[in-house]
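Asks: The following block contains the structure, expressed as structure tokens.
Read-outs throughout are calculated quantities, based only on the coordinates presented, and are distinct from any laboratory measurement. Just so it is clear, the structure is predicted and the values come from calculations on it, not from any experiment. Neighbour counts run over all protein chains shown; Cβ positions are idealised from the backbone, glycine included.
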């Protein structure tokens with residue numbers, strides 16, 4: 001278990017948190033073609049009209065390797081300040097969940113929606129004691145995006161190579177009072193940022209699905 005003081009983010013870890021076995025994922029087996037295949041498989045899922053929030057999980061190639069785009073939320077925000085998250089936010093009236101995810105990504109980091117050549121719904125996910133339902137869309141980007149950060153919402157952008165997130169010892173789960181919590185910590189790609197909570201759960205599910213696709 002990584003020590004909480006080693007990261008920017010403050011984690012309300014209970015004293016009796018139980019560390020669970022880490023997955024054994026093969027980092028070298030995942031290529032961008034697996035991401036494309038996963039999104040194609042997810043693309044047939046109907047849009048989640050009942051969701052109150054939506055996030056975009058952008059994946060693209062950088063130097064031949066698939067990377068996922070994350071943000072560190074502004075420390076001035078009232079909600080989840082300084083947390084690592086995917087671009088996203090609340091669904092507005094009359095909006096579909098995918099429209100909301102793409103709009104929020106454009107507003108927060110300047111991501112051009114036209115770059116998303118394919119999207120697929122992963123989830124949905126409940127949070128805040130199940131009072132919110134979040135739609136998470138994995139998006140294949142045609143090229144690395146040119147970004148323009150909205151400093152009022154985003155403090156930094158993090159490009160995390162999938163092979164780094166799949167490396168041994170980078171991710172783990174802890175049992176908090178009967179429910180599992182996911183974590184990612186990798187100095188080479190995340191620095192002193194810790195990915196945990198809903199963002200880590202979405203990332204974990206995507207990586208697990210990719211590993212399943214890559215297994216012969």
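Asks: Across the range 186-212, what is the total count of residues that are in a helix (DSSP H, G or I) and either free of Cβ contacts under 8 Å to residues at least 24 places away in the same chain or surrounded by fewer than 15 Cβ atoms within 10 Å (Cβ to Cβ) (or both)? Please lay out each step first, then the result.
Replies: Residues of the range 186-212 that are in a helix (DSSP H, G or I), as a first pass: 187-190, 197-212.
Next, only the ones that are either free of Cβ contacts under 8 Å to residues at least 24 places away in the same chain or surrounded by fewer than 15 Cβ atoms within 10 Å (Cβ to Cβ) (or both) stay: 187-188, 208, 212.
Counting residues in the range 186-212 that are in a helix (DSSP H, G or I) and either free of Cβ contacts under 8 Å to residues at least 24 places away in the same chain or surrounded by fewer than 15 Cβ atoms within 10 Å (Cβ to Cβ) (or both) gives 4.
Asks: Okay, next question. Look through 148, 156 and report the one residue that is touching a residue at least 12 places away in the same chain (Cβ under 8 Å) and within 17 Å of the chain's Cα centre (by Cα). Let's see the steps before the verdict.
Replies: Values: 148 fails: within 17 Å of the chain's Cα centre (by Cα).
Selected residue: 156, the only one of 148, 156 that is touching a residue at least 12 places away in the same chain (Cβ under 8 Å) and within 17 Å of the chain's Cα centre (by Cα).
Asks: Can you name the number of the only condition in (1) free of Cβ contacts under 8 Å to residues at least 40 places away in the same chain; (2) under 20 Å from residue 40 (Cβ atoms) that residue 182 fails?
Replies: (2)
Asks: What number of residues in the range 103-137 are within 20 Å of residue 63 (Cα to Cα) and not in a loop (DSSP other than H, G, I, E, B)?
Replies: So the first thing to find is which residues in the range 103-137 are within 20 Å of residue 63 (Cα to Cα), and the list is 111, 115-117.
Next, only the ones that are not in a loop (DSSP other than H, G, I, E, B) stay: 115-117.
Adding up the residues that qualify gives 3.
Asks: Sticking with this one: Residue under question is residue 118, and the condition is that it be surrounded by 19 or more Cβ atoms within 10 Å (Cβ to Cβ), within 21 Å of residue 51 (Cα to Cα) and in contact (Cβ under 8 Å) with a residue 24 or more places away in the chain; does it hold?
Replies: Working: surrounded by 19 or more Cβ atoms within 10 Å (Cβ to Cβ): no; within 21 Å of residue 51 (Cα to Cα): yes; in contact (Cβ under 8 Å) with a residue 24 or more places away in the chain: yes.
No: the conditions fail for residue 118.
Asks: Within the range 58-92, restricting attention to residues that are without any contact (Cβ under 8 Å) to a residue 40 or more places away in the chain and assigned to a strand (DSSP E or B), which residue is farthest from the chain's Cα centre (by Cα)?
Replies: The residue in question is 90.
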